[in-house]
Amino acid sequence: MQTCESWPEMEKKLRDILRYSAVSEDIKRACAWSTLALGMRFAKWQEQEAREMVKKLQEQLEEQKLFTNVLVGMVKRMRDMQVREMEKAQFQLQEILTILLGEEAQPEVPRNELRVGSSQSQKWRQTEEEERKETQDTRSGSRSYSSSSFGKFQKYMDRVRK
């Protein structure tokens, strides 16, 4: 029997042989068994192909899950970082507003009492000391920031940026 390209072609050839009356029963039986064996091999081959495809798809699914988890982690870290930056900016804005409003309402209140946090208080004290020195220098003719709230604010922002 000749080899066939596809299973339907194999079935057609077997039907033709079984219908042809000039072929002996032994040959018909041998062709039927041969076709059955080929069919079983074909079914096994298809089963193996399906298993390999399922395995490949499962591996791809696992890779996609890992990739998704990595992306979720990155997004969470970025969101947390944005929240921290926003909170920091809000805190700094509130500090600045407190300083500016506090200075307008009570110019005699020590500025370090308005500060929250030791490092910020230290920066503010340094700014105050520099202002005192500059005020003394101004009297002697050298250039300095104005003593307005805006000038103090600029000096404070210069310190925070450093």
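Accessible area per residue for region 1-87 in Å², computed with a 1.4 Å probe and the full protein assembly in place, what is it?
Normalised by residue count, the accessible surface of region 1-87 is 90 Å².
Counting only protein heavy atoms, what percent of the accessible surface of region 1-101 is carbon or sulfur at a 1.4 Å probe?
C and S fraction of accessible area: 61 percent.
Between Q94 and A32, what length in nm is gained on full extension when 0.36 nm per residue of separation is reduced by their alpha carbon distance?
Full-extension gain reported as 13.2 nm.
Multiplying the sequence separation of E128 and A50 by 0.36 nm and subtracting their Cα-Cα distance, what value in nm do you get?
20.2 nm
The values are calculated or read from the model by the stated rules, or taken from the named source; none is laboratory data. For clarity, every value in this text was computed on a predicted model and none was experimentally measured. All accessible areas refer to the heavy atoms of the entire protein, side chains included, with ligands and DNA or RNA removed. Shrake-Rupley method; radii C 1.70, N 1.55, O 1.52, S 1.80 Å.
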